[in-house]
Amino acid sequence: MTDVTEAPEIDLARGLGTVLRAHVERGRRAVEGLPGGPRGFQVLSMAAEEACSNQAEIARALGLDRTVMTYLVDDLETAGLVERRPDPADRRARQVVLTAEGERRHADLLDQFAAIDAEVLGGLDPDDAAVFRTLLTKVVGSLDGHSVDACTAVAAVTDADC
C-alpha cells in the first residue's frame, strides 16, 4: 500500500470534487448517445439489478420527478432498451425491464465504466483502490443513517453527476 504521509493532505470537498469531475467527464463520453445520458444509465443499472424495478421506485431512488422519469423511460423504450410490464405487486404500477438489447448495451457500458474506474483510480495500487472502494461504500451506507442497498447507494452516489 502507498504511504499516505508522502503526499500533502487535501480537504475532503476538494478531493471528492476532483475525483467526481474526472469520473463524470469520462462517464458522460461513455453514455453519449444513450437516451437520458447518465440518468439513462442509472435507470438501466437499476432495472438490471431488479432491486427497484418499479418505475415509481426507480424515480424515487434517483431523486427524479415522476414526469421526468416517464419521459426518460419513454425514450429508453423507444430505443429498444427497456420495456414496461405490469408490476405483479401493484397492478397500477409498471416495472422497467431490460430488453435483450438493453442487457447488451448495459453490459457494454459496465465494461466502459470499469475502465473509467481503473483510469480514475490509476494513481492507487490495486490494494489501495480496494480499500478506497470499501471506505466509500461505508460512507455511502452511513449517510442519513441508511444501510447500503442498491437503491440507496445509487441515489446517494449519483445525484451529483446527473
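Rule-based calculations on the coordinates, nothing more; no lab input. Note that this is a predicted model, so its numbers are computed, not measured. All Cβ positions, even for glycine, are placed from backbone atoms using ideal geometry, and neighbour counts span all protein chains on display.
Could you size up the charge dipole of region 44-91 around its Cα centre, putting +1 on the beta carbon of Lys and Arg and -1 on that of Asp and Glu, and report it in debye to the nearest 20?
Details: 5 positive and 10 negative charges, 24 e Å.
Using only the charged Cβ atoms, the result is roughly 120 debye.
By how many nm would the segment from R60 to L16 grow when fully extended, if each residue of separation counts as 0.36 nm and the alpha-carbon distance is taken off?
Details: separation 44, 0.36 × 44 = 15.84 nm, distance 2.47 nm.
That works out to 13.4 nm of additional length.
So for each of 117-123, 36-42, 74-80 I average, over its residues, the number of other beta carbons within 10 Å; can you give me the resulting order with the highest mean first?
Values: 117-123: 13.7, 36-42: 20.7, 74-80: 15.7.
So the order, starting with the most tightly packed, is 36-42, 74-80, 117-123.
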Given unit charges at Cβ for Lys, Arg (+) and Asp, Glu (-), the dipole magnitude of region 56-128 about its Cα centre in debye, nearest 20, is 740 debye
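Calculate, for E25 and T70, the FRET efficiency according to 1/(1 + (r/R0)^6) with r their C-beta to C-beta distance and R0 25 Å; round to the nearest 0.05.
Working: r = 29 Å, r/R0 = 1.15.
Using R0 = 25 Å, I get an efficiency of 0.30.
Need the full-extension length gain, E103 to R85, defined as separation in residues times 0.36 nm minus the C-alpha distance. One decimal, nm. Numbers along the way, then the final one.
Details: separation 18, 0.36 × 18 = 6.48 nm, distance 1.62 nm.
The E103-R85 span can extend by a further 4.9 nm.
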